Each structure stands twice: as structure tokens, then as C-alpha cells.
1. Do the alpha carbons of any pairs in LYS114/LYS171; LYS423/LYS556; LYS336/LYS446 sit beyond 19 Å of each other, and which pairs?
2. How big is the gap, in Å, between the Cα center of segment 324-395 and the Cα center of segment 480-536?
3. Once the Cβ-Cβ distance between ALA72 and ALA343 is put in as r, and R0 is 45 Å, what FRET efficiency do you end up with, to the nearest 0.05?
4. In percent, what relative contact order does segment 125-255 have, based on Cα pairs under 8 Å that are 6 or more apart in sequence?
5. Take the Cα atoms of segment 14-281, find their three principal axes, and give me the spread along each one in whole Å, biggest first.
6. Quick check: residue separation of ARG319 and ASN625 times 0.36 nm, minus the Cα distance between them. What number comes out in nm?
7. Which whole-number percentage describes the relative contact order of segment 541-638, with Cα contacts under 8 Å and a sequence gap of 6 or more?
8. Short version: ³J(HN,Hα) in whole Hz for each residue of segment 230-237, in order, from phi by Karplus 6.51 cos²θ - 1.76 cosθ + 1.60 (θ = phi - 60°), x for Gly and Pro, what are they?
Amino acid sequence: MPAPVPHADNRHTSRARTRRLAQVAAVATGAALIASALIASSATAAPPRAVDPFDPDFGPNVTIYSPDTPVAQIQSELDALHAQQVDAEMSSERRAVYFLPGQYGSAADPLQVKVGYYTEIAGLGASPEDVTVHGAVEVYNRCLADGGTANCLALVNFWRTIGNLSLDIDKAGQDGCRQSAEFWAVSQAVSMRRLDVSGGGLSLMDYCTAGPQYASGGFIADSRLPSVTNGSQQQWLIRNSEVASWSNAVWNQVFSGVIGAPDDSAFPNPPYTTIDQTPVSREKPYLSVDDDGRYSVRVPAAQHDSRGVSWADGETAGRSIPIEDFFIATPDDSVKDINNALARGQHLILTPGVYDVDRTIQVKRADTVVLGLGHATLTAVGGAVPLEVKDAAGIVVAGVTIDAGTELSPVLLRVGSPNGGKKLDANNPITLSDVYFRVGGPHIGKTTTALEVNADDVLIDHTWVWRGDHGIEGFTEGVNGDTDRWNTNTGTNGVIVNGDRVTATGLFVEHFQRYNTVWNGEDGRVILYQNELPYDPPTQADWTQPDGTLGYPGYKVADDVATHRLDGAGVYVFNQNNPSILTANGFEVPETPGVQLHHIMTVNLSAGTVQHVVNGVGGQADNGNTGTPQFVVDYPLP
């Protein structure tokens, strides 16, 4: 593996740096006075950490470029970063790369960036139009065999982020096939937000590396896009965006609040699901730098019944939080220090890295923002619950990955009190944006439930909740597949929703050993659901409910729920460990007019059987129709 890319100092315009020199003394003096007051009032609490608003210390894993940085230097450093991260699927490296407002690359010298694992690429403007990259920001197929020349696909291109910039596509210097499009060949836990793309087409598959290959993404929000080729992508959600056109589909393509979305009246040929307006949305918070060089975090406001991009008529509606109001944490900080900062009323930035969490990080105050940079990862230690969000309106958690540890945790993220809490504000929902979960992979993981939502009026905007089907430790493979994983890498439930009026836009949940998703709350709304049932039950007895029902549905709405709506959903089966295993239904819901499923399907990936799509309705997905979806357009049936 190449040597780690050296950290580049935060690079600012000369105007901003001049202002910083004039003001840093005042900032330091003010911080010292605050610290003295807090020490006087609490002998045991550490004082707040001073943050320079013009040059915040985001640690060694964040690189910030300015338009004055030579393109050759940026290209060289980002090429080295990609070489380091392109095969680092199970590594502990986390990186973020930010661009200050301005232009990067040119027609004569385009900047062409490739994005690897656990890497975030983003602009630091108030609008995507404040940072322009002339060139490309891409992801290609990953080749897994024969020294990196064969088995080339995008099915494991996880954990990477791009956002808040304009991309003027220029593929000069690349070969003929590569010049044909901007390639974004990705799968789950990959976020594309706040982009303005022009100058060419966008392809969500890589048809140049060993020809068209499989991909299983994905998510785009708040973006203005050219013509998009979906290609081999099995499922996709594009939300609150504009698109010139969209071509191709595989199983499950969902558009919500998208100007230019295709018509879905011929479903399932093609399998498009189009919702004119997104019922509830809130764009993800983002770092921003103003004209004076001062940093802040912009927190978009929640929207109801919206469509199109949030920045079409100027700055995205919301509030800006000065960077000085954040505790900027590193993996060296203890949970005690982080909780003390949150208790003082500070917001939290988690800089890129892996945080060992042996006690719960508690977010209690209304409107607190927790923002992870570069796929910052919380790993449970000693069976801890890594993160809890209390019953308080407007809390936002974004850009954070939560890993199960080697000792059983009851839950990885709990939102709201299990006993029920106070009534919250539907106009200011608790929001989870790009919050990902992993049980196993780089190490054995154990949890009873990954995500538990007890509060009302919560918005989940893109999550991947994954019990690992592959990894580097503890995944012993026997003659019939992964024989030991079932008993060592344990995750009982993926998502349990107990709160009312919870909305999820982009809910991806995979491989849990009982219910992947169980919805107990009223008035739930889900727009795009993707699920793979577990690959590894050893026997049918291991995959049979106590009442004798064969298997567990990939999506369960509790029997006493009266109102629920699901649009665009798929449950996939691949019982590679024991292909004879049967699952009765992909979906199970109460028989009532208020519970409505729209455009749902099951499919056999190559092993195992799902006998019906929902409640005994719909065709059987088995080895006789591998890769052919079994669709139900609406349930209850008309």
C-alpha cells in the first residue's frame, strides 16, 4: 500500500488569512475568559476547546485546498489518496477533502479525481455553484481477482461521499470509453448531495472496466443533473433534484420530488416509481466558508411537500452555526469529554477516524448538530450503546457510521426514550442523514438491534443498516458457504420503529437474522426500501418463526398498525449457505385499507426461495426464475 498522503495545511485566500491575523488574538482572549468562567463554576469539567473560526483544526485526515493550489499538486495528492483507499474496504483509514470557493482545473488542465473507500469530497461554498471542478470526480468498478484485473464490479463500492460543488465534466486525456461519461459506479452507503453537473452525461455504472457490470446503489439528493444512465443499478433513490433525463432501470428506481422524473404509469416495465413531492425532507448539514474566510455549518430547514433543489433561488433555507460553537473531536477524545461538551450546549463535529466508544454518547439538547466528516466511525466497545438521541426537537445526526463491537450491544443507535417521550415538533424533526450501521466486516460484530426509533416525527434520510455478509475476520467459510458466521457475527434486528409519523427516504437494510425492519408506529412513510435477506442461515429451523412460519419477512408492519405507506421496495434472497431454505413472504403487513404498499417486489439472486411477495400474494422467486422480479403493483389489491 502506498505511504499515507501527507496532510495539507488549510489553505485560504490571502484576504481571509489577513483577517485571521487581525482577529485571532481577540478570539483566543474570549475563549480564555469563557474557559476561566467554566473552570470556576466546575472544578471537574474540562474547559471548552478554543476553535479558530478562520483556521479550525480538523486533524490530520482532513485536507483543504484553495484555488491557489497548483492543479498538479492537487492531482498528485488525490491520485495517491485514491491508490491508498481504492482497496481499503475493511481498513480504519478515514479521509475528507474540501475545496474552498473558487475554480479548480481548466479545459487545458482538467482535475480528474477518483474516489476510494471512506473518502468525502466536498466544496465549502454556501452554494454548489461557489466551487467548480473542471474535470471529473468518479468511481470505477473494483477488480477483485487476478491481481486486480478480473471480477470487476461495483457491488462492494461502499462508503464514499461527494457534495456541494459544481462539476463541469471534462474527460480530456482519458481513453475513448472513459470520455463518454462521468462514472459513479457505486453501491450502498454512498451519498451524492448538492451537486450541479454539466458538460456531459452521468453514468451510474462503469461499462468501461470489463464491460457493463453489476452495481447496487444508491442515493442522490438536492442535485441538478444532466442525462443519467442508470444501467445495471439494481435500485436507486433520487430525491428533491432536477434531471435532464433518466434511462434504464433494473428492479427498483424511485424518484421523489424530482423535476424531470420519468413517468411511472407503465410500472413494472420500466420499474419506475415517481412521487411528485417529498412529504418531509431536510437536507444534510454542510461545512461552509464565507467571503471573510470564517467557517460555519449550515443546517437546512425541514421542508414539507417539496420538489427540486433547495438552492435554486439562493442560499438553502436554514440556519448557520459558527464553527466556534462546535466541539471538534478526534478519536483521542474520550466519551466523557464529548458528553461534557454536549452538556455545555456545544454542537459536535467528529473528524475522520475510528472512535472506540465504551460508554454512550448522549445528545440531549434540542437543535444539537452532530456532524461526521470523512465517514467518522463509532465502534462499540464492551457492549456499549454508542449513541443515544433524546426526545428533543431538531437534533440532527449526519455523516456518522456506527459499528457493532465484539461484545453484544443491545442497540447501536437509540432515538428517543423506550418509554415514550414528550411531544416533539413535526416542523423540526429529529433527523438522521447518511447514518450508516455495520455489524461485522473488519471484525466480528454483535448487536440485538442496530437502529431503534422510539420518538415521534423522526426523519431518516438515507441509511444503510448492514449485517456484514463478508469481511476479513471471523467469517469462516465451509463447504456450503459461511457456516460459522450465523453464530458469531450476530444481528437480530436491523431497524425497529416504535415512534409515530416517522418518515424514511432511502432505507437500505440487509442480512439481519430475524426482522430486518419491523414498524410498530402509526403513520409511517417510507420512500425506497431495499433489503437482502441473510445469506447464511444454516438450516430451515434457524430461519423459522416460533409459530412455524417459514422465515422472517424483509419488511414487517405490526399487526395493530392502522396507517402506513411504502413506495418502491424490494426484498432479495440469496441463501448461499443453504439454497433449500424457504421464506414465506418478502413483506408482511396487516390487512387494513390504511396500510398501503405501492410498487413492491421480490427477486432470487441465485439461491433460496421467497414464496410470495406480500401476505400470500405475488409469484414465487426461486432458482427457476433467478434475476426475474416478482412484482405487486399495489397492496391491498385493487
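Values in this text are rule-based calculations from the coordinates and carry no lab data. If you're wondering where the values come from, they're calculated on a predicted model, not measured in any experiment. Cβ atoms come from the backbone with ideal geometry, glycine included; neighbour counts cover every protein chain shown.
1. LYS423/LYS556; LYS336/LYS446
2. Centre-to-centre (Cα) distance: 24 Å.
3. FRET efficiency, ALA72 to ALA343: 0.45.
4. Result for segment 125-255 is 21 percent.
5. Extents along the principal axes, in whole Å: 68, 44, 35.
6. 105.0 nm
7. 26
8. So the Karplus estimates, Gly and Pro as x, are 6, x, 8, 5, 5, 8, 7, 10 Hz.
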